Amino acid sequence: MKIAVINSCNYSSTGTICHNTANILRKQGHDVIFCYARGQKSDESFCYKFESMMEVRFHGIATRITGYEGCFSKPATERLIGFLNRFKPDLVILGELHGYYLAHYRFLSYLKEKKIKTLYFLFEEYAYTGKCGYTDPCLKYQVECKKCPKIKDYPKTWFFDRSSYFFKKKQETYSNFPSLFMNTVPYNYRKALGAALIKNTGVTLLQYGWGIDIKNKYKPNYEIDVINEYGIDTTKKVILSVAPLSDARKGIKKYYIPCAEAFKDDKRFVFVLVGVDCQHEAFPKNIIAIPYIKNQDKLCALFTIADLFIIPSVADTYPTVCLISLGCGTPFIGFKCSGVQYMAPEPFGKYVELGNVDHLVELIKVTDKKSRSTIEQCRSYALANYDHESILKKIMDVITNNNYGDI
């Protein structure tokens with residue numbers, strides 16, 4: 001089968017999942033191309049970068065001014081369509097459609113007109129809203145998006161609310177779309193079932209989710225010396241968090257940093273924060289601040305030396321960073337909210353009420369140095385539940401053989 005996998009970028013969690021999807025399908029004998037817009041040009045033969053950063057920046061600025069997200073990048077979109085016309089895919093797998101890189105209504109219309117079987121990974125909730133990637137606490141998506149309270153949230157606009165326009169645009173695009181599959185995780189699946197954009201459109205909704213390469217890539221890494229590179233004292237209990245500091249939704253400033261401050265005089269702990277994207281930010285003395293890391297092997301090395309991972313996100317559909325943590329043998333603690341609370345049962349994942357920093361502090365206090373048994377148990381759970389190759393096999397079975405099994 002000829003398959004095109006398309007995503008906004010070739011890095012971050014979604015880029016990693018899409019690149020891994022392409023790799024797995026290639027190993028299974030399919031003819032696969034991975035198309036993306038943002039990120040460094042890859043020297044891998046199956047990767048195709050079809051857009052420049054100048055085009056992406058123009059799209060982002062134009063969206064902020066006009067409110068029309070997903071309506072620019074027309075030359076890049078036609079470039080991609082021309083490429084697909086030559087490649088002639090039997091299946092197109094879509095990752096993120098947002099990201100200021102694609103005229104995605106034009107692109108979806110192309111797939112619809114050509115009757116190309118399409119699998120859309122719902123990494124968040126953007127597919128069934130008029131604008132937003134995350135709906136909570138708003139319920140307008142159940143009837144019709146309009147008068148959006150989040151116009152300044154990503155994908156942001158400075159002036160105009162176009163949520164009603166795009167709600168209707170998506171409704172028109174999805175209707176009578178032959179062979180459109182949307183695959184998501186159980187948390188999103190339940191919400192999507194009640195979404196007006198999904199009802200009565202002929203979309204086939206799946207809840208297999210996705211995984212990461214637990215077997216070969218996201219595993220304990222003792223080869224990269226992050227201990228000396230970052231000056232981490234591993235005789236202490238290492239409490240790790242990985243998220244963009246500037247993204248309020250990730251909760252680093254509001255929850256993780258205050259949590260670390262509670263241990264500023266406790267020499268038994270050291271806090272490591274990866275994802276510092278703000279200059280001149282002051283941190284408590286017990287936090288080792290590290291910029292964003294693209295090298296996944298180095299990231300795994302940091303997870304390997306961590307005794308506990310903290311995910312203070314307040315809205316995440318399916319945080320793959322938790323899967324990386326488990327794959328590297330490290331348990332995690334997060335808030336009892338959105339999709340975070342469904343990532344793993346105790347003892348692999350523990351959860352506190354949203355915003356309860358005091359309870360978070362108490363759980364950290366009783367954290368032990370990670371044992372070999374803990375590493376093996378976390379990794380075994382990840383392999384059994386989140387190996388992408390096994391999940392992808394089930395999805396492809398549905399798409400190619402109509403074998404729905406237990407969805």
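Under 18 Å of direct C-alpha separation, and excluding same-chain neighbours fewer than eight residues apart, Lys298 reaches these lysines: Lys215, Lys217, Lys219.
Quick check on packing: order 83-90, 201-208 by the mean number of other C-beta atoms within 10 Å, highest mean leading. List each step's numbers first, then the result.
Values: 83-90: 14.9, 201-208: 18.0.
Going by the mean number of other Cβ atoms within 10 Å, highest first, we get 201-208, 83-90.
For the chain, the mean residue ellipticity at 222 nm estimated from helices alone is -10500 deg cm²/dmol, where every DSSP H run of n ≥ 4 contributes -39500 (n - 2.57) and the total is divided by all residues, rounded to the nearest 500.
Report the net charge of residues surrounding Phe332, where surrounding means a beta-carbon distance below 15 angstrom and charges are Lys +1, Arg +1, Asp -1, Glu -1.
Values: positive: Lys237, Lys250, Lys336, Lys350, Lys370, Arg379; negative: Asp307, Asp316, Glu346, Asp368.
That works out to +2.
Placing +1 on each Lys and Arg Cβ and -1 on each Asp and Glu Cβ, with no other charges, gives segment 56-161 a dipole about its Cα centre of roughly 360 debye.
Peptides 311-324, 338-351 ranked from most to least packed give 311-324, 338-351, packing being the mean of other C-beta atoms within 10 angstrom over each peptide's residues.
At q = 0.09, 0.14, 0.15 Å⁻¹, what base-10 log of I(q)/I(0) does the Debye formula yield for segment 226-385 when every alpha carbon is treated as an equal point scatterer in vacuo? Once normalised to I(0) and log-transformed, intensities are -0.25, -0.63, -0.73. Taking the charge dipole of the chain about its Cα centre, with +1 at Lys and Arg Cβ atoms and -1 at Asp and Glu Cβ atoms, the residue from Val242, Gln377, Phe332 reaching farthest to the positive side is Val242.
What's the magnitude of the charge dipole for the chain around its Cα centre, counting Lys and Arg as +1 and Asp and Glu as -1 at the beta-carbon? Answer in Debye, nearest 20. Mind showing how you got there, number by number?
Numbers: 55 positive and 41 negative charges, 213 e Å.
Here the size comes out at about 1020 debye.
What does the charge dipole of segment 226-385 about its Cα centre add up to, to the nearest 20 debye, if the Cβ of each Lys and Arg holds +1 and the Cβ of each Asp and Glu holds -1? Intermediate results must be reported in sequence, preceding the final value.
Working: 19 positive and 17 negative charges, 32 e Å.
Here the size comes out at about 160 debye.
Across all Cα atoms of segment 51-117, the radius of gyration (one decimal) and Dmax (whole number) stand at 12.3, 37 Å. Along its three principal directions, the equivalent ellipsoid of the chain from the Cα gyration tensor extends over semi-axes of 36, 24, 21 Å, largest first. The C-alpha atoms of the chain define a longest principal axis, and helix 53-66 lies at about 80 degrees to it. Is there a pair in Lys168/Lys336; Lys112/Lys199; Lys170/Lys191; Lys2/Lys114; Lys294/Lys365 whose C-alpha atoms are over 26 Å apart, and which pairs would that be? Those over the limit are Lys168/Lys336; Lys294/Lys365.
Each semi-axis of the equivalent ellipsoid for segment 1-93 is √(5λ) with λ an eigenvalue of the Cα gyration tensor; in descending order they amount to 25, 14, 11 Å. Relative protection proxy for 381-391, 138-148, from highest mean packing down: 381-391, 138-148 (other beta-carbon atoms within 10 angstrom). Computed from Cα positions, the angle between helix 163-174 and the longest principal axis of the chain comes to roughly 60 degrees. Bridgeable aspartates and glutamates around Lys131 (alpha carbons under 20 Å apart, same-chain partners fewer than 8 residues away excluded): Glu69, Glu96, Glu144, Asp153, Asp161, Glu172, Asp247, Asp316.
No value in this document is a laboratory result; all are computed from the given coordinates. Computed from a predicted structure; not experimentally measured. Note: ideal-geometry Cβ built from the backbone for every residue, glycine included; neighbour counts use all protein chains shown.
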